[in-house]
Each structure stands twice: as C-alpha cells, then as structure tokens.
Amino acid sequence: MLSRAAPAAGPAALLSLRGLRCGYGQLEVLHGISLEVRRGEIVALLGANGAGKTTAIAAISGLLPATAGAISYGGRDITGLPPDRIVALGVVQVPEGRRIFPGLTVRENLEMGAYLTENRRARAAGIERAFAMFPRLAERRDQPGGTLSGGEQQMLAIARGLMSQPALMLLDEPSLGLAPIVVDAVFDLIREIRAGGITVVLVEQNAQRSLEIADRGYLLETGAMVLEGTGAALLAHQRVRASYLGA
Amino acid sequence: MSGRLKYLIWPLWIAVLVWPFTKLRGALIVLAAAAAGSALLFVLRSWAPRIALPAMPRLASFSGHTKTGLLIALVLFSLALPLCLNKYFLDVVVTAGIYVVLALGLNIIVGLAGLLVLGYIAFYAVGAYGYAILSTHFHLNFFWALPIGALLALLAGLLLGLPTLRLRGDYLAIVTLGFGEIMRIVLNNWDGLTGGPNGIMHIGRPAIGALALGRPTHLYYIVLALIALAALLTSRLNRSRLGRALVAMREDETAARACGIDTTRLKVLAFCLSAAVAGLMGVVFAAKMSFVSPESFTFWESVMVLCMVVLGGMASVPGVILGALALIVLPEAFRGLQHYRMLVFGAAMIAMMIFRPQGLLPSRRRTLELGE
Ligand SMILES: Nc1ncnc2c1ncn2[C@@H]1O[C@H](COP(=O)(O)OP(=O)(O)OP(=O)(O)O)[C@@H](O)[C@H]1O
Ligand SMILES: [Mg+2]
C-alpha cells in the first residue's frame with residue numbers, strides 16, 4: 001500500500017554504489033565506497049560522527065554530485081540526475097535532524113512531500129492515508145510543524161518522506177535525540193514501512209537497535225567501507241562491538 | 001539586543017546620531033524626547049503587555065466578518081479618496097501607490113522566496129524606458145505597453161536569474177546590485193536610444209482612442225486597479241501550493257530539494273514574477289511623468305522598496321502595503337524636515353529592527369520562523 005511498484009526486475013540489487021567518490025569542494029569525504037541494497041531489505045549504514053554517512057545519503061539523493069564512481073537504481077544509472085528526478089524515480093530521503101518546515105502546518109508539510117504528485121485528488125488521498133497511519137499527526141493537522149515535539153517532528157519527517165510513495169527510503173539518524181519510548185516507536189515504524197514493501201537504508205548511531213532490525217549492514221570509517229555483513233554477523237563482530245556497542 | 005538594555009541604548013544612539021546636525025542643545029532635546037518615549041514604551045510593555053506594541057493586530061486574528069467589513073470600508077475609502085484630495089496630495093498618493101505595487105512585487109522574491117535583491121529598480125527602469133522608447137518612436141498605446149513592459153522586465157529577469165540562481169542565494173544580491181548600476185550607467189551613456197542624462201520627454205499619457213486618461217484622477221484609478229491586482233495575485237500566491245513550496249524552500253532549501261522540489265526553477269520563477277511587476281509599474285511611472293531620466297532609477301530607490309518590504313513585514317500583503325505607504329506618505333508629510341528626512345528614516349528603520357524585527361504586520365509564518 002505504501003510503495004509504488006519497485007522498478008521491474010533486473011539485477012538483484014535495487015540500489016548499488018560502485019566506487020563512489022564525493023565531497024565538498026576540495027575536500028573528498030567518500031573515497032570510493034561500494035554498497036548494495038536488495039529489494040525489500042533493511043540495510044544499516046553505521047559509522048562514527050563524520051564518517052560520511054550523511055554525505056553518502058546526499059549523493060544518492062542527487063543533492064551532492066559524485067566526482068567518480070556510479071550510482072544505479074533499479075538497474076538504471078542515476079549518477080548526476082537532479083534530486084527531483086530521483087524522487088520521481090522512487091528514492092526519497094528523510095534528512096538528518098528532523099528537517100520539517102517549521103512555518104508550514106502538518107498538513108502543508110505532508111503536501112510538500114507529495115510535491116511531485118500533480119493530481120490534487122491523489123495528493124489529498126495520500127495525506128488522508130498518512131493521517132490514518134499517524135493519528136497523532138492527524139490531531140495536529142493544522143498546527144505549524146515548528147510547534148510539534150521532537151518525536152512528532154520525526155514522525156512528520158518520515159510521513160512526509162512516505163508521501164512521494166517511494167520504493168526506497170533513506171533514513172538519516174531517525175532516532176537521534178529522542179526519548180527511549182519514542183525511539184521504540186521509530187524502530188517499529190521502520191519495520192512497518194518495510195512490511196509495506198519499501199526498501200530501507202538506515203543510517204544510525206544506535207548500532208544495537210539498527211542491526212537488530214537490519215537484514216544487512218555496512219560499516220563506514222572515514223569515508224571508506226570497512227565491513228559488510230548480515231545484521232547478526234555485524235552485531236557479533238569484534239570491531240563493531242568494540243567501537244559501537246561499548247562491549 | 002537583550003531585554004531592558006535596548007530601551008536605554010536606543011535614545012542615546014539617536015542623540016549621538018543627530019548631534020552633528022543639531023548642536024549639543026538639540027541633541028540633548030532629542031535625547032530627552034527619545035528617552036521619554038522609550039520609558040513610556042517600556043512601562044507600557046512591562047505593565048500592560050496586552051495593550052502595548054507586541055499586541056498590535058495581526059490581520060489573521062480578526063474574524064471573517066470584521067475582515068470583510070474592513071475590506072469594504074477600505075475599498076470605499078480608496079474609491080472616494082480623489083474627491084477629497086487636492087492635486088498635489090493626489091499626486092503623492094499616486095506615487096505612493098506605484099511604490100505599493102513595486103513593494104508587493106519585490107515581496108515575491110524577497111519575502112516569499114527569501115532571496116535578497118538589491119537592484120530591483122533596474123527592472124522598473126526597463127519598463128519605464130521600454131515604454132518611453134516605444135511611445136515616442138512608435139506611439140504605442142499605454143495599455144498595450146503595460147504587458148509589454150512587464151514582459152521586457154521578465155526577460156531581463158530570466159537572463160539574469162538563469163545563470164545566477166543555480167548558485168547559492170547570496171549571489172543574487174550581488175548580481176542584481178551590479179545590474180542596477182550597469183543599467184543606470186547604460187541609461188546615462190547610450191545617448192542615441194535613451195537620451196543620456198537628459199532622458200526622454202513627451203511620453204504618451206494613458207488614453208483609449210480619443211479618450212484621454214492622463215489626469216491625476218485617472219492615474220489614481222489605474223494605479224488603484226493595479227494595486228488590487230497585485231494584492232490579489234500575491235495573496236493568492238501566498239495561499240497556493242506554489243507559495244507553500246516557496247516557503248518550504250525559504251525555510252530549508254535542502255529539505256525542500258529532498259522532497260523533489262526543483263528549487264532553481266522556483267527561484268527563477270519568483271524572480272521573473274518580481275521583475276515583471278517592476279516592469280509593469282515602470283510603464284505606469286513613465287506615463288505619469290511623461291518624462292524619464294536616469295535620476296529616477298538610483299540605488300537609493302532600490303533600497304527604499306526593499307525597506308518597505310522589510311518594514312511592513314515580509315511575505316505579508318497588508319504589511320507590505322502599510323510599509324510602502326508609511327515610507328512614502330510620512331516623509332512627504334514632514335517635508336519641512338527635508339534635510340533630516342533620511343536621518344529620521346534611518347533611525348526609524350533601526351528602531352524597527354530593534355523593537356519589531358518581524359515588521360509592522362508580519363505574516364503568521366514569518367513570526368514562527370523568528371521564533372516569537
Ligand atoms: N557542507 C559541508 N561542507 C564541508 N564539509 C562538510 C559538509 N558537510 C559535511 N562535511 C564534512 O564531511 C565529513 C563527513 O560528514 P557527514 O555529515 O557525511 O558525516 P556523518 O557520518 O553523517 O556524521 P554524523 O554521524 O555526525 O552525522 C565531515 O568531516 C564533515 O566535516
Ligand atoms: Mg550525518
């Protein structure tokens with residue numbers, strides 16, 4: 001119900017990065033990373049502060065140009081496409097830090113998520129679906145986004161991302177700075193999203209929780225991929241345990 | 001500036017500012033007056049916060065009936081105004097009206113899209129000279145010239161905006177500032193086309209066939225119609241999906257792009273709309289004066305229009321109208337203070353920034369953004 005039909009079969013990977021390099025000006029942040037996401041998976045992307053996780057997300061969504069390497073989605077090369085084309089293809093990101101629009105109401109925020117849906121009826125129906133899924137947001141539909149609580153803002157950010165009916169959702173640190181009970185709700189929601197047929201890339205500081213729900217995970221360190229494995233394998237891995245699980 | 005300190009510093013600052021013009025005695029008088037005003041404001045604000053400045057009406061807080069009533073009263077008042085004004089004041093009001101539309105136009109790019117434009121008056125010049133040339137060479141009718149002037153300015157906006165707006169927002173301010181100056185220099189030096197510093201005379205006044213519509217009263221109604229049109233269009237824009245996308249872009253450009261909003265396209269669109277409005281009013285200005293020269297299109301004019309937008313309350317249509325009227329009509333009313341006009345003006349702007357940075361009649365969203 002949530003997702004559009006994912007791009008027709010082809011290579012097994014829905015999203016793949018090959019030797020991706022990018023950065024800001026002279027500063028290269030990602031030194032040729034590769035990553036693969038299969039249809040229907042939750043893939044966790046872990047790494048310390050400044051490792052380049054947000055940068056990778058920005059590159060995939062077309063906000064940051066790649067200087068080398070290739071990004072393909074559904075068997076199609078999307079390197080260099082502008083962000084709106086990439087959203088139109090079904091890849092959406094929920095940015096780090098709950099970047100909702102504070103002066104727009106909850107409803108208007110959701111409307112912006114459906115910006116590329118030209119049909120007004122379809123947009124309204126999408127907003128109603130989102131309200132059915134997020135009753136707390138429905139209660140606050142005419143309240144400016146900036147007046148929501150942190151947890152509600154994160155829900156709104158995710159709901160806004162869902163409005164474009166993505167096939168692939170890139171979540172950047174959705175649990176950051178939230179109370180434990182809200183963190184639970186966020187992780188439940190991520191499971192629900194995947195159950196709705198959406199493939200998920202999950203960037204998280206919370207390695208324990210994210211590896212628990214992830215099928216596979218990657219570990220990024222200073223712009224290079226150093227580990228890859230199933231969620232369970234990474235949870236048990238010495239390096240992950242030492243640096244990210246405090247064990 | 002924090003808390004009470006601003007009430008203390010502001011009068012001192014004004015006094016120091018006027019000192020060179022008024023000698024010590026004058027400065028002390030100004031200091032006393034400003035301090036008294038400041039003290040009054042302070043008492044009002046701390047003892048009765050509800051009736052003091054911050055509680056100034058926000059239009060959105062009126063009920064539907066009150067609003068309709070106010071609007072009808074305003075329309076009737078505007079329609080009847082020429083009957084009770086002499087020629088001189090009518091002329092001032094028409095000028096003010098032109099600025100109102102200009103400010104509403106600039107508000108699209110500055111207030112709604114959140115991009116700073118410093119040479120806005122250049123687009124006004126494009127419209128004015130466009131009509132001046134077309135009228136004197138080809139006797140083009142004023143009413144035909146209106147859309148043509150708007151289109152010319154829109155094209156200029158497109159030429160300027162397309163390359164610049166791909167870059168970060170700040171560049172637009174610099175590029176438009178340059179464009180404004182280049183425009184003035186070209187107008188001053190291209191004698192063959194623009195008449196150089198002497199300008200162009202004998203520009204046709206508005207007329208339909210044999211019916212001349214060039215009297216101040218006619219101009220008044222023409223400008224009034226354009227104000228209504230501009231106010232209607234911008235408040236519709238404010239409430240449209242496009243307007244909300246502009247707000248989203250202004251609040252968080254990255255998040256907006258992540259939603260699939262093509263922000264470059266939006267910026268170019270907003271900029272071109274703003275430019276077109278200026279071009280339109282340039283035609284009206286040329287027809288009103290029947291004479292144009294580079295002197296009317298200085299950097300100062302751009303700053304004035306910008307101040308109207310900021311003073312009134314960015315993105316708020318009633319606010320921008322109020323700001324424009326305040327900045328044109330008030331200085332005109334205090335003409336006796338000719339030499340100090342700019343000083344008073346500057347002081348008022350700074351006082352605004354200190355006491356009411358969101359503008360006189362801010363839009364609801366702006367108020368939220370400033371975290372009030
Ligand atoms: N806009 C920018 N301009 C210049 N450098 C940047 C910019 N954004 C990020 N960087 C740099 O790129 C590197 C990677 O940043 P990035 O935000 O991708 O890290 P991250 O893994 O998401 O970290 P965190 O977990 O703290 O969010 C950092 O060294 C950072 O300083
Ligand atoms: Mg990050």
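The values are calculated or read from the model by the stated rules, or taken from the named source; none is laboratory data. None of these values were measured; they are calculated from a predicted model. Every residue, glycine as well, gets a Cβ built from its backbone with ideal geometry; the counts of neighbours run over all protein chains shown.
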Tell me which residues, restricted to the stretch B:233-252, are more than 7 Å from chain A (Cβ to nearest Cβ) and buried (at least 18 other Cβ atoms within 10 Å of the Cβ). B:Thr234, B:Leu237, B:Asn238, B:Gly243, B:Leu246, B:Met249, B:Arg250
Pair list, Cβ under 8 Å, 6 or more apart: the stretch A:52-74 residue over 16 Å from A:Asp84 (Cβ atoms) and touching a residue at least 12 places away in the same chain (Cβ under 8 Å), other residue more than 16 Å from ligand 1 (Cβ to nearest atom) and assigned to a helix (DSSP H, G or I): A:Gly74/A:Leu89
Meets criteria (at pLDDT 95 or above, part of a helix (DSSP H, G or I) and assigned by TED's automatic domain parsing to the domain that holds B:Arg236) for B:Ile148: yes
Consider only pairs whose beta carbons are under 8 Å apart and that are at least six residues apart or on different chains; among these, list those whose first residue lies in the stretch B:313-325 and is under 21 Å from A:Gly103 (Cβ atoms) and of a type in the set (Ser, Thr, Tyr) and whose second residue is in a helix (DSSP H, G or I) and at pLDDT 80 or above. B:Ser316/B:Gly111
Helices (runs of 4 or more DSSP H) lying entirely in the stretch A:197-247 (those with 1 or more residues that are within 15 Å of ligand 2 (Cβ to nearest atom) and either under 25 Å from A:Ser16 (Cβ atoms) or of a type in the set (Phe, Trp, Tyr) (or both)): A:207-213, A:238-244
So, of the residues in the stretch A:95-106 that are in contact with a Leu (Cβ under 9 Å, 6 or more places away or on another chain) and more than 8 Å from every other protein chain (Cβ to nearest Cβ), which turns out to be modelled with the highest pLDDT? A:Val106
When residues of the stretch B:109-128 are filtered for being small (Gly, Ala, Ser) and assigned to a loop (DSSP other than H, G, I, E, B), how many remain? 3
Selection count where residues are touching a His at 6+ places or on another chain (Cβ under 9 Å) and among the hydroxyl-bearing types (Ser, Thr, Tyr), scope the stretch B:281-317: 1
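Here's the yes/no breakdown for (1) closer than 22 Å to A:Ile198 by Cα; (2) among the small types (Gly, Ala, Ser); (3) within 16 Å of ligand 2 (Cβ to nearest atom); (4) out of contact with any Asp or Glu (no Cβ under 6 Å at 6 or more places or on another chain):
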| residue | (1), (2), (3), (4) |
| --- | --- |
| A:Gly75 | yes, yes, no, yes |
| A:Thr117 | yes, no, no, yes |
| A:Arg120 | no, no, no, yes |
| A:Ala130 | yes, yes, no, yes |
| A:Pro135 | yes, no, no, yes |
| A:Arg140 | no, no, no, yes |
| A:Leu162 | yes, no, no, yes |
| A:Leu168 | yes, no, no, yes |
Residues that are over 20 Å from A:Thr55 (Cβ atoms), among the acidic types (Asp, Glu) and crowded, with 21+ Cβ neighbours inside 10 Å, drawn from the stretch A:196-236: none
Restricting to the stretch A:17-56, what's the tally of residues that are hydroxyl-bearing (Ser, Thr, Tyr) and more than 10 Å from ligand 1 (Cβ to nearest atom)? 1
A:Gly113 vs. criteria under 16 Å from the mean Cα position of the chain (by Cα) and within 10 Å of another protein chain (Cβ to nearest Cβ): yes
Would you confirm, using the coordinates I've provided, whether A:Gly69 is within 16 Å of ligand 2 (Cβ to nearest atom) and surrounded by fewer than 20 Cβ atoms within 10 Å (Cβ to Cβ)? no
Report every pair of residues separated by at least 6 positions or lying on different chains whose Cβ atoms are under 9 Å apart, first residue within the stretch B:130-141 and over 11 Å from B:Thr194 (Cα atoms) and touching a residue at least 24 places away in the same chain (Cβ under 8 Å), second of a type in the set (S, T, N, Q) and assigned to a helix (DSSP H, G or I). B:Asn141/B:Ser135
If B:Gly260 satisfies all but one of (1) more than 25 Å from B:Gly282 (Cβ to Cβ); (2) surrounded by fewer than 21 Cβ atoms within 10 Å (Cβ to Cβ); (3) out of contact with any Lys or Arg (no Cβ under 7 Å at 6 or more places or on another chain), what's the number of the condition it fails? (2)
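Quick grid of which residues meet (1) at pLDDT below 90; (2) away from chain B (no Cβ under 12 Å); (3) over 30 Å from A:Gly52 (Cα atoms); (4) crowded, with 23+ Cβ neighbours inside 10 Å:
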{"position": "A:Arg120", "(1), (2), (3), (4)": "yes, no, yes, no"}
{"position": "A:Ala132", "(1), (2), (3), (4)": "no, yes, yes, no"}
{"position": "A:Glu139", "(1), (2), (3), (4)": "no, yes, yes, no"}
{"position": "A:Thr147", "(1), (2), (3), (4)": "no, no, yes, no"}
{"position": "A:Met155", "(1), (2), (3), (4)": "no, yes, no, yes"}
{"position": "A:Ile181", "(1), (2), (3), (4)": "no, yes, no, no"}
{"position": "A:Arg194", "(1), (2), (3), (4)": "no, yes, no, no"}
Determine whether B:Leu177 is in contact (Cβ under 8 Å) with a residue 40 or more places away in the chain and in contact with a helix residue (DSSP H, G or I) (Cβ under 7 Å, 6 or more places away or on another chain). no
So, A:Gly23, is that one within 16 Å of ligand 2 (Cβ to nearest atom) and more than 17 Å from the chain's Cα centre (by Cα) or not? yes
Hey, can you tell me all the residues within the stretch A:74-91 that are touching a strand residue (DSSP E or B) at 6+ places or on another chain (Cβ under 7 Å) and facing chain B (nearest Cβ under 7 Å)? none
Restricting the search to the stretch A:61-71, which residues are within 14 Å of chain B (Cβ to nearest Cβ) and in contact with a strand residue (DSSP E or B) (Cβ under 6 Å, 6 or more places away or on another chain)? A:Ser61, A:Leu64
Looking at this structure, is A:Arg191 farther than 23 Å from B:Ile261 by Cα and more than 16 Å from ligand 1 (Cβ to nearest atom)? yes
A:Ser164 vs (1) surrounded by 21 or more Cβ atoms within 10 Å (Cβ to Cβ); (2) more than 14 Å from every other protein chain (Cβ to nearest Cβ); (3) not in a helix (DSSP H, G or I): all pass except (2)
Can you find even one residue in the stretch B:197-213 that is surrounded by fewer than 20 Cβ atoms within 10 Å (Cβ to Cβ), within 19 Å of the chain's Cα centre (by Cα) and more than 14 Å from every other protein chain (Cβ to nearest Cβ)? no
